[in-house]
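Visitor: Before we start, here is the structure in question, set down as structure tokens.
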Amino acid sequence: MKFATAILLLTASNSVVAETNSSIRKRDLEAKINAKMEARAEGKSGKASKTSKSSKASKSSSSSSDDTCAATTKPVAGANPCAGTKIEIPNEDCFVDGEIVVNVQSGTDVTYGYAGNLETDGVEPFTDPYFMSTMCPVNVHWHLGAEHRSEGQYDEDGVGPDERRLAEGARLGLRCHHYDAEDPKFTEEYDWKYCVDMHVGETYEVHWPHSAAGDCGTVNQFQTPFYDGVFCNAERLDLTKLPEQVGVQGQVFTIVNDEDYYWPDMMRGMIVDADLEMGVEITKYTGSTTGTSRDNEVCSGYTPITWQVDRTCHMVSASSFDKMCADMLSQRDDMSDDLYAHGARELVISDLAADNHVWDRKTEEKTDKRVFRMVYD
């Protein structure tokens, strides 16, 4: 599902999509937003807290005071204004009679120097860090393998453990190159307490959807499904500036059973550490939501949104992921449907990928922590 990944319908910014179709789509989305606002005003938007969803995380929760871990104790119960605010935008055919009829898609190749073929007519990704915008993270989830591709980091030559132990039905994406069957940190399984169906040695792509319409700075900021977080206050969205208001961070990891790779707060965003070259080599572009309900024939209508993807695959401890899952269980909303890996969408072909990729690179001098943008031509 991979996001189940983030997000919104594009207005008419793609030259291959007819102006009439774009106008209709924009009006449809505006109508849906208005309908949501009217329903909320009438008290029909489902402000009651969401009921428990998936039983997938049953092993992680307990109602008894003796068994409840402080790390997964939820806040005081209260209304959830984001519940049910997802705006439904159906998938659609990518091509009709051989012509592209959709906007830019994800995930793409993010290798330095790559750009897609689909013209974006001046629509650009948001290139500053998201904390410098009005966006806040509204969800975290991850996919089995990478949905993006970074040559030499996570690509067709990546390796991992025996695929037979993977969750049934979840499509495996691309893998990193770290795995070594002779090294126990890649093979000794971790005693998972909160995450579900996760494995040491495997590659996972983590997504952090961000939105300017999130319930930022409140106990309701993090939501599952992430669409509820993205659209919580949909009236704040300017449909002509979606890439500035909705975005996703993506970072790819190989899980290891080694506490030297522990990070305590993965829930709230990409790991950025210039000394360790994490969150430094970033590709930014406009695309769409991902997940296995889409491919290169059926496309997402939640587009265009900004993607900022780390081109480097990093090792991270299994305990870091388990801590993230514990943090997710301590949110007011029920995030149990995101405690396991979603399937990976197949890599988007160049004809459906945006031509506006931008690449950040670390300078050659290790002592210089500045990051600069280079535009490939």
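The values are calculated or read from the model by the stated rules, or taken from the named source; none is laboratory data. Keep in mind the model is a prediction, meaning the values are calculated, not measured. Using ideal geometry, Cβ is built from the backbone for each residue, glycine included, and neighbour counts are taken over all protein chains shown.
Visitor: Which one of these is in contact with an Asp or Glu (Cβ under 9 Å, 6 or more places away or on another chain), at positive phi and touching a residue at least 24 places away in the same chain (Cβ under 8 Å): GLY169, GLY145?
Guide: Values: GLY169 fails: in contact with an Asp or Glu (Cβ under 9 Å, 6 or more places away or on another chain).
GLY145 is the lone residue from the list that is in contact with an Asp or Glu (Cβ under 9 Å, 6 or more places away or on another chain), at positive phi and touching a residue at least 24 places away in the same chain (Cβ under 8 Å).
Visitor: For region 147-258, please list each of the helices (runs of 4 or more DSSP H) lying entirely inside it that holds at least 1 residues being among the hydrophobic types (A, V, I, L, M, F, W, C) and under 19 Å from TYR130 (Cα atoms). Break it down stepwise before answering.
Guide: Values: elements: 184-187, 226-230, 242-245.
Because the criterion is at least 1 residues that are among the hydrophobic types (A, V, I, L, M, F, W, C) and under 19 Å from TYR130 (Cα atoms), the helices (runs of 4 or more DSSP H) in region 147-258 that meet it are 226-230, 242-245.
Visitor: Applying the selection to region 166-203, what residues are β-branched (Val, Ile, Thr), more than 26 Å from ASP327 (Cβ to Cβ) and touching a Leu at 6+ places or on another chain (Cβ under 9 Å)? Even if it seems obvious, please write down each step before you answer.
Guide: Within region 166-203, the first condition is being β-branched (Val, Ile, Thr), and the residues that meet it are 187, 196, 200, 203.
Next cut, more than 26 Å from ASP327 (Cβ to Cβ) only: 187.
Across region 166-203, there are no qualifying residues.
Visitor: Applying the selection to region 278-316, what residues are of a type in the set (Lys, Arg) and within 14 Å of the chain's Cα centre (by Cα)? Show your work before the answer.
Guide: Our first condition is that a residue be of a type in the set (Lys, Arg); within region 278-316, this holds for 284, 294, 311.
Scanning region 278-316 gives a single hit, LYS284.
Visitor: Restricting region 320-335 to residues that are touching a helix residue (DSSP H, G or I) at 6+ places or on another chain (Cβ under 8 Å) and part of a helix (DSSP H, G or I), which is farthest from THR72 (Cα to Cα)?
Guide: Ranking the candidates gives SER320 first.
Visitor: Still on this structure: Of all residues in region 325-360, count the ones that are more than 23 Å from ILE305 (Cβ to Cβ) and surrounded by fewer than 23 Cβ atoms within 10 Å (Cβ to Cβ).
Guide: The total comes to 8.
Visitor: Count, please, the residues in region 91-127 that happen to be of a type in the set (A, V, I, L, M, F, W, C), surrounded by 20 or more Cβ atoms within 10 Å (Cβ to Cβ), in contact with a strand residue (DSSP E or B) (Cβ under 7 Å, 6 or more places away or on another chain) and not in a strand (DSSP E or B).
Guide: The qualifying residues number 6.
Visitor: Got at least one residue in region 296-306 being under 16 Å from GLU205 (Cα atoms), at pLDDT 95 or above and surrounded by 20 or more Cβ atoms within 10 Å (Cβ to Cβ)? Write out each step before concluding.
Guide: Initially, region 296-306 is screened for residues under 16 Å from GLU205 (Cα atoms), giving none.
There is no residue in region 296-306 that is under 16 Å from GLU205 (Cα atoms), at pLDDT 95 or above and surrounded by 20 or more Cβ atoms within 10 Å (Cβ to Cβ).
Visitor: Something else now. Please count how many residues of region 95-115 are closer than 21 Å to THR312 by Cβ and not charged (D, E, K, R). Step through it out loud before you land on a result.
Guide: The first filter runs over region 95-115 and keeps only residues closer than 21 Å to THR312 by Cβ, leaving 106-115.
Among the residues that remain, those that are also not charged (D, E, K, R) are: 106-108, 110-115.
Qualifying residue count, region 95-115: 9.
Visitor: Got at least one residue in region 270-285 being modelled with pLDDT of 95 or more, surrounded by 24 or more Cβ atoms within 10 Å (Cβ to Cβ) and of a type outside the set (Val, Ile, Thr)?
Guide: Among the residues of region 270-285, at least one is modelled with pLDDT of 95 or more, surrounded by 24 or more Cβ atoms within 10 Å (Cβ to Cβ) and of a type outside the set (Val, Ile, Thr), which makes the answer yes.
Visitor: May I pose another question? Would you confirm whether any residue within region 150-159 is buried (at least 19 other Cβ atoms within 10 Å of the Cβ), under 16 Å from the mean Cα position of the chain (by Cα) and not small (Gly, Ala, Ser)? Before the answer, list the steps.
Guide: Applying the first criterion (buried (at least 19 other Cβ atoms within 10 Å of the Cβ)) to region 150-159 yields 150, 153-155, 158.
Keeping just the survivors that are under 16 Å from the mean Cα position of the chain (by Cα) gives none.
No, there is no match, as no residue in region 150-159 is buried (at least 19 other Cβ atoms within 10 Å of the Cβ), under 16 Å from the mean Cα position of the chain (by Cα) and not small (Gly, Ala, Ser).
Visitor: Let me ask you something else. Could you tell me whether region 182-192 includes any residue that is on the phi > 0 side of the Ramachandran plot and either in contact with a Ser or Thr (Cβ under 8 Å, 6 or more places away or on another chain) or surrounded by fewer than 19 Cβ atoms within 10 Å (Cβ to Cβ) (or both)? Write out each step before concluding.
Guide: At the first step, the residues of region 182-192 found to be on the phi > 0 side of the Ramachandran plot are none.
No: region 182-192 contains no residue that is on the phi > 0 side of the Ramachandran plot and either in contact with a Ser or Thr (Cβ under 8 Å, 6 or more places away or on another chain) or surrounded by fewer than 19 Cβ atoms within 10 Å (Cβ to Cβ) (or both).
For every residue, the table says whether it meets (1) modelled with pLDDT of 95 or more; (2) of a type outside the set (Phe, Trp, Tyr); (3) in contact with a Ser or Thr (Cβ under 6 Å, 6 or more places away or on another chain).
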| residue | (1), (2), (3) |
| --- | --- |
| GLU88 | yes, yes, no |
| CYS94 | yes, yes, no |
| GLN105 | yes, yes, yes |
| VAL123 | yes, yes, yes |
| PHE126 | yes, no, yes |
| PRO129 | yes, yes, no |
| MET132 | yes, yes, no |
| ARG149 | yes, yes, no |
| ASP155 | yes, yes, no |
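Visitor: Any residue in region 113-129 that's more than 13 Å from ASP351 (Cβ to Cβ): show its pairings with residues that are surrounded by fewer than 15 Cβ atoms within 10 Å (Cβ to Cβ) at Cβ separation under 7 Å, as long as the two are six or more apart or on different chains.
Guide: GLY113/TYR376; ASP121/SER15; THR127/ARG373
Visitor: Which condition number in (1) at pLDDT 95 or above; (2) of a type in the set (A, V, I, L, M, F, W, C); (3) buried (at least 18 other Cβ atoms within 10 Å of the Cβ); (4) farther than 25 Å from GLN331 by Cβ is the one that PHE231 fails?
Guide: (4)
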